[in-house]
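Step one of this worksheet: look at the structure below.
None of the figures in this text is laboratory data; all of them are computed from the coordinates on show. Predicted model, so just to flag it, every value in this text is computed and none were measured. We place every Cβ from the backbone using ideal geometry, glycine too, and count neighbours over all the protein chains shown.
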Amino acid sequence: DQQVKQNSPSLSVQEGRISILNCDYTNSMFDYFLWYKKYPAEGPTFLISISSIKDKNEDGRFTVFLNKSAKHLSLHIVPSQPGDSAVYFCAACTSGTYKYIFGTGTRLKVLA
Amino acid sequence: KAGVTQTPRYLIKTRGQQVTLSCSPISGHRSVSWYQQTPGQGLQFLFEYFSETQRNKGNFPGRFSGRQFSNSRSEMNVSTLELGDSALYLCASSLAGPGSGNTIYFGEGSWLTVV
């Protein structure tokens, strides 16, 4: 049972444009969400997080939006840069369970 | 501040053997989580430890085990290796463990190939 889904395995975007990565979840008990970026042969790097009490969180070029009614999370990268090319994972957690559940990832390619 | 350190980075084992992977968390972090990454499967949760206690365990067979020491360092062990155990094993640490407001930080992983 995949509780966190990233339905787009890959995405290509032109440099300078907006990248939108999507994540859907099924468990309404999730109360904290994270996004990670992963380059080949490296561990995932934390990007940005959002609590279920918020609907938006910004950090520089990265903004995460949370739509609880739709059980949908999205990461916006503006403007996209070639160095953003990586695999992006969303993750969700229910407080007290002590585990994050990850999606299968979306490979972003930013074209110069 | 040093990050999460995992050893060894790469290893090749034969079916039926066992393997032990090690993880040193960020200084001051008391929670260590382990994940398995295989192509197309994302990151699958193995287990989480805090102050030497396992607080949660994923859906893996009993061949997968772990432990945490009093200095918060952790090890995971896989016995009777199978070809399907070939994967990237990732360790992550955090101050208080996965949950609201608590980010987990990953090491670079241990690449295990079973032949």
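Would you kindly calculate the mean projected area, averaged across all directions, of the convex hull enclosing the Cα atoms of the protein assembly as shown, in square nanometres?
Seen from a random direction, the Cα hull of the protein assembly as shown projects 12.2 nm² on average.
I'm checking a number: the convex hull volume of the Cα atoms of chain B, normalised per residue, in Å³. What is it? Show your work: numbers first, answer last.
Details: hull volume 11.2 nm³, N = 115.
Each residue corresponds to 97 Å³ of Cα convex hull volume.
Quick one: net charge of B:L11's neighbours, Cβ under 15 Å, K/R +1, D/E -1?
0
Using 0.36 nm times the number of residues separating B:S86 and B:R67, minus their current alpha carbon distance, what extension gain do you get?
4.8 nm
Apply the Karplus curve 6.51 cos²θ - 1.76 cosθ + 1.60, θ = phi - 60°, to the phi angles in the range A:63-77 and return the couplings in whole Hz, x for Gly and Pro.
Ordered by residue, 3J(HN,Hα) equals 10, 10, 10, 10, 10, 5, 5, 8, 6, 9, 10, 9, 10, 10, 10 Hz.
Could you give each residue of the range B:26-32 its phi-based ³J(HN,Hα) in whole Hz, using Karplus coefficients 6.51, -1.76, 1.60 with θ = phi - 60°, and x for Gly or Pro?
Karplus values, whole Hz, x for Gly and Pro: 4, 3, x, 7, 10, 9, 10.
Once both labels are modelled 7 Å past Cα along the beta-carbon direction, what's the A:H72-B:T14 spacing in nm?
Placing both labels 7 Å beyond Cα along the Cβ direction yields 5.4 nm.
Give the long-range amide H neighbours of B:E108: residues separated by 5 or more places, or on another chain, with amide H under 5 Å away, using H modelled in the peptide plane at 1.01 Å from N.
For B:E108, the qualifying residues are A:G43, B:Q6.
Once the Cβ-Cβ distance between B:T113 and A:N7 is put in as r, and R0 is 45 Å, what FRET efficiency do you end up with, to the nearest 0.05?
Step by step, r from the Cβ atoms, then E = 0.90.
Mind checking which lysines have their Cα closer than 30 Å to the Cα of A:K68? Skip sequence neighbours fewer than 8 apart in that chain.
A:K5, A:K37, A:K38, A:K54, A:K56, A:K99, A:K109, B:K57
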